[in-house]
Amino acid sequence: MSLPESTQNYANYAASVPEMIRATLSEKTGLAQAQALLEGASRIFFTGSGSSVPAALLGSQLLARTTTKAGMFAPSSLLLDEIKLSSADVVVLVSQGWNRADAALITRKVVDSPARLIVITGRPDREGDYGAQASSVVALPILPQKEKIFCRPASAVTGYIKIAQLLESLTGVRYNTEQWIDAYQAGWSRAPSALPKDKQFVVLATSLLLCAGNNIALSLREGAGRYGSVHELESYGHGQYVPDQLHIDSTHYFVLTAQANPYYRDAFARIKPMLDSTHSSYEIWDTPHGDILGNVSHMGRIAKTVLASIQQDGWDMNNPPGMEGNRSFHEADTPNQTERTDG
């Protein structure tokens, strides 16, 4: 069977993640300026586009866990519609390509306001697309510069890492390059075989691991063409589980945990009796790391899983059904942005 080009591209990007981690951490253009902006801000809004959204969520959760700084995750719809920005505000936008429609609209809103904008992106050169007012923008580069597939195994990881690096001066949380790389490779080496087509996959996670959980569900859907959903474990146990349990023969669970944090073990212990009582099919995705590094470890595992699945069944993630009718969600009318966009 001849495999689609997107499958080879995915394999290349997934294999290059350790190299991309190293290059992203060593690239410190704009970092000191961005950290100074955050330290002086009264409010910090974290937002993102596409597969970069979970990195923005990680930023808001890291800030809440370690500081008393006023920070929040703001979905693009909330940021564009409701939030009034002032000169004391900083918006942190995570967008690999910085040209998706929602990323372009967020950028315009911030540069037209008194607030400042930090963009974590593979395309810092796109700052000029937004005119003279873009002087209020600080772009922090991540790699790869382009990741021309829908499911992005590399930039999702480097987005996490750049968010953590950006917040170091506020949170005091620091990991060296080898720790990040070891976490990714630990997940990559533990990945299971190809996913069956006749199952729906339910990802259960809580706290910081919800970041990876969201990326995993997206990878299942966009990358492997499987039905995937993610649920916060506590809410799921209060009743969201019912439809999945009614179709238990076609449901398989991934439960995300992190050995270094007993909170995750206790959370799983609460849901385990329900899963066992209905003979649910489930896997515990564990990691010896804490939950910050654990997010990257779980991303390595889903990357290997998606790759095994698309190699088996020939799924072309770049040509899903409905692609032609869905372009308004991917294209922006910002000048010089005519190619298909990245998240």
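Only the coordinates and a few stated rules stand behind these numbers; no lab work does. Quantities reported herein were computed from a predicted structural model and do not represent experimental measurements. Here Cβ is always computed from backbone atoms with ideal geometry, including for glycine, and neighbour counts include all displayed protein chains.
Axis of helix 5-15 versus longest Cα principal axis of the chain: the two differ by about 80°, to the nearest ten degrees.
Extension gain, Arg174 to Ala36, is 48.0 nm, computed as 0.36 nm per intervening residue step minus the present C-alpha separation. Against the chain, whose longest principal axis is taken from its Cα atoms, helix 17-26 shows a tilt of about 30°. Rounded to whole numbers, the Karplus 3J(HN,Hα) couplings from phi for segment 158-169 are 5, x, 4, 5, 5, 4, 4, 5, 4, 8, 3, 5 Hz, using 6.51 cos²θ - 1.76 cosθ + 1.60 with θ = phi - 60°, and x at Gly and Pro. Near the amide H of Val173, within less than 5 Å, lie no amide hydrogens of residues on another chain or at least 5 residues away, with H placed in the peptide plane. The calculated Kirkwood hydrodynamic radius for segment 21-167 is 14.8 Å, given to one decimal from all distinct C-alpha pairs. Applying a DSSP loop filter and a limit of 16 other Cβ atoms within 10 Å to the trypsin sites (Lys or Arg not before Pro) in segment 153-198 leaves Arg174, Arg190, Lys197. For the chain, the longest principal axis of the alpha carbon atoms and the long axis of helix 31-40 meet at an angle near 80°. Annotation: amide H of Val94 within the under-5 Å range of Thr47, Gly48, Ser49, Ile120, sequence separation 5 or more or interchain, hydrogens built in the peptide plane. Considering only alpha-carbon pairs that sit under 8 angstrom and 6 or more positions apart, the relative contact order computed for the chain is 23 percent. Shape analysis of segment 187-313 based on the Cα gyration tensor places the equivalent ellipsoid semi-axes at 20, 19, 11 Å, largest first.
Note on the chain: Cα convex hull, mean projected area over all directions, 17.0 nm².
Residues within the reach of a label modelled at Thr68 (point 7 angstrom out along Cα to beta-carbon, backbone nitrogen below 20 Å), restricted to segment 167-191, are 168-173. Using amide H atoms built in the peptide plane, which far-off residues or other-chain residues are under 5 Å from Asn99 H to H? Result for Asn99 returns Asp342.
Here the Karplus curve 6.51 cos²θ - 1.76 cosθ + 1.60, taken at θ = phi - 60°, turns the phi angles of segment 257-268 into couplings of 9, 9, 4, 6, 10, x, 4, 6, 5, 5, 5, 5 Hz, with x standing for Gly and Pro. May I ask for the distance between the Cα centers of segment 293-326 and segment 39-91, given as a whole number of Å? Here the two parts' Cα centres lie 28 Å apart. The GluC sites (Glu not before Pro) of segment 8-108 meeting both criteria, a DSSP state outside H, G, I, E and B (loop) and at most 12 other C-beta atoms within 10 angstrom of the site's C-beta, are Glu82.
When each of the peptides 116-125, 307-316 is scored by the mean number of other C-beta atoms lying within 10 Å of its residues, the order from highest to lowest reads 116-125, 307-316. Dimensions of segment 206-246 along the principal axes, based on C-alpha atoms and rounded to the nearest Å, stand at 30, 27, 7, largest first.
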